[in-house]
Amino acid sequence: MRKEKPRSKKQSQVLSHELAQYECHNITPLSAQTSIFLSKAKGTYLWDVDGNKYLDLTAGFGVAALGHRPSRVYRSVLKQLKELWHVLGDVYPSREKVDLCRLLSEITFENWENQRGKVILGCTGADAIEAALKTAFFYTRKKKFIAFSGAYHGLSLGAIGVSGLSYFQTPYEGLYSQLATFIPYPHCFRCPWKNKGGAQGCSRCKALFLELLNNAIGKDCAAILFEPIQGRGGMIEPPEWFIPLLRKVSQERGVLLIADEIFTGLYRTAKRFGCDWAQVVPDIVCLGKSMAGGFPISACIAKEEVMDSWPENRGEAIHTSTFLGNPIGCCMALEQIKELEETNEQLCIGQKGEFLLSLLQKLADRWGCLRNPRGKGLFLGIEVVDELGQPAPALASRIMALMLEKGIIILTEGPERNVLCFTPPLTITFKQIAWVGQTLEQVMEKALKKN
């Protein structure tokens, strides 16, 4: 058997040392073993400054849905760069902004309910969440929200207030507003109500959740904010009753329903939106990440009646930014979304996800430290646990580092960072997925031997 040649990290180590001198030490974790600096990307692959090639199972935090530098989007950028780089987005915008807002309406509320959707563009996912919170406030004139434990909605001060991960909230306690009441996100593997009774127990969990939800909705509640599948919370796929129950309760109690589709939207789960699996239409939906395939742009889209609750512009927008409606970003988003709409069936996202999930299940059947492979489409995760079934973040981190040595980039998520996550470009091939399974098997043998 040919011995693998160790990967050089000489240039990455030099850059790590230099970055440590100039960047806030909280931002980028730097180590001689796992720090790499990227220099090139194409398709499903990344290259670092030392010339090492990696298969990207993160799609750059879900951004590169069509792979890195997809040809159609790339050509549109080159064309746009010759014409117009920047505009006064909320004063003198470009045609690209008009076209993008129309397209976002068409794929959301016009498709769902044959009614127009209206849009607020932003630069980040947190921007979209902030716009959604403000929209809910204007429509209801109420200022509290229901959110979920383990939720991640961004790190701006408003978004932190509705995010349910303590390691993001705790350092800022006293700085951000307590906007939300948090209730458990239903999780069948780690049930908040300790259910071990199968379908009968799940019915009990539904009743307990319903009671919690109704009790949490006070007279000042504007909206329920949810992720169809939690991402940074640990790739948690809720039971089938969860999203329909949120819709039912929100309508009964007169509060809005906000879907955070920043990670799950635009075919990541094999349907256009994660909430489409439940055939539920939210009142507001937030998009980001894969919208433009590599340009920072996001969107909050709401039903026309809901969005029209904002005060009219009397010469000054009260929610805007310097780069709102940037023509390069709008141009990229238009081409990215159009290509996803035209090619999603050819990409076989559901079949690829089922194949990868089957490989993860085989690994879980062999090793007891891998448990509960889960997810939809190419939005998958698997837990790494110890002998008692408790989260094993050190082992998960070791697996991630060994996969990097083998030329595969994966990340860990969850409150304990013990969940291996698989969110590759939707263009990944079946052959590449098979290689991932083979490589992970080799890595597990090495990781457990060391352990």
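Being under 11 Å from I301 (Cα atoms), in contact with a helix residue (DSSP H, G or I) (Cβ under 8 Å, 6 or more places away or on another chain) and either surrounded by fewer than 21 Cβ atoms within 10 Å (Cβ to Cβ) or of a type in the set (V, I, T) (or both) is the filter here; which residues of segment 104-139 pass it?
Once the filter is applied, which keeps residues that are under 11 Å from I301 (Cα atoms), in contact with a helix residue (DSSP H, G or I) (Cβ under 8 Å, 6 or more places away or on another chain) and either surrounded by fewer than 21 Cβ atoms within 10 Å (Cβ to Cβ) or of a type in the set (V, I, T) (or both), segment 104-139 yields I107, R116, K118, V119, I120, I129, T135.
Considering only residues that are part of a strand (DSSP E or B) and out of contact with any helix residue (DSSP H, G or I) (no Cβ under 7 Å at 6 or more places or on another chain), look in segment 359-374 and name the one that is farthest from L426 (Cα to Cα).
If we take residues in segment 359-374 being part of a strand (DSSP E or B) and out of contact with any helix residue (DSSP H, G or I) (no Cβ under 7 Å at 6 or more places or on another chain), then N372 is farthest from L426 (Cα to Cα).
Return the residue satisfying two criteria in turn: it lies in segment 418-446 and is touching a residue at least 12 places away in the same chain (Cβ under 8 Å) and more than 27 Å from G67 (Cβ to Cβ), and of such residues it is surrounded by the fewest Cβ atoms within 10 Å (Cβ to Cβ).
Among those residues, the one meeting the criterion is K446.
Within segment 143-185, can you find the residues that are among the charged types (D, E, K, R) and either out of contact with any Leu (no Cβ under 7 Å at 6 or more places or on another chain) or part of a loop (DSSP other than H, G, I, E, B) (or both)?
Across segment 143-185, the qualifying residues are K143, E173.
Taking segment 392-414, which residues are over 27 Å from A41 (Cβ atoms) and buried (at least 18 other Cβ atoms within 10 Å of the Cβ)?
A392, L395
For the condition basic (K, R) and under 28 Å from F263 (Cβ atoms), what is the one hit in K10, K53, K82?
Residue meeting the stated conditions: K53.
In segment 291-309, which residue that is over 15 Å from D127 (Cα atoms) and under 19 Å from the mean Cα position of the chain (by Cα) is surrounded by the fewest Cβ atoms within 10 Å (Cβ to Cβ)?
G294
Does G377 satisfy the condition of being under 23 Å from G293 (Cβ atoms), touching a Ser or Thr at 6+ places or on another chain (Cβ under 7 Å) and small (G, A, S)?
yes
Scan segment 52-70 for residues that are part of a loop (DSSP other than H, G, I, E, B), among the hydrophobic types (A, V, I, L, M, F, W, C) and more than 16 Å from T343 (Cα to Cα) and jot them down.
L57, V63
Would you check if there is a residue in segment 337-359 being within 17 Å of D90 (Cβ to Cβ), touching a residue at least 12 places away in the same chain (Cβ under 8 Å) and hydrophobic (A, V, I, L, M, F, W, C)?
no
For segment 231-289, how many residues are within 14 Å of the chain's Cα centre (by Cα) and either closer than 19 Å to H187 by Cβ or assigned by TED's automatic domain parsing to the domain that holds I428 (or both)?
The total comes to 14.
Among E305, E335, E312, which is part of a helix (DSSP H, G or I) and under 28 Å from A222 (Cβ atoms)?
Testing whether each residue is part of a helix (DSSP H, G or I) and under 28 Å from A222 (Cβ atoms) leaves just E305.
Go through segment 268-283 residue by residue and tally those that are assigned to a loop (DSSP other than H, G, I, E, B) and farther than 15 Å from K303 by Cα.
7
Which residue, of S177, S156, is among the hydroxyl-bearing types (S, T, Y), out of contact with any strand residue (DSSP E or B) (no Cβ under 9 Å at 6 or more places or on another chain), surrounded by fewer than 22 Cβ atoms within 10 Å (Cβ to Cβ) and touching a residue at least 24 places away in the same chain (Cβ under 8 Å)?
S156
What is the residue count in segment 231-267 for residues that are surrounded by 20 or more Cβ atoms within 10 Å (Cβ to Cβ) and in a loop (DSSP other than H, G, I, E, B)?
The total comes to 15.
The values are calculated or read from the model by the stated rules, or taken from the named source; none is laboratory data. If you're wondering where the values come from, they're calculated on a predicted model, not measured in any experiment. Backbone-built Cβ (ideal geometry, glycine too); neighbour counts: all protein chains shown.
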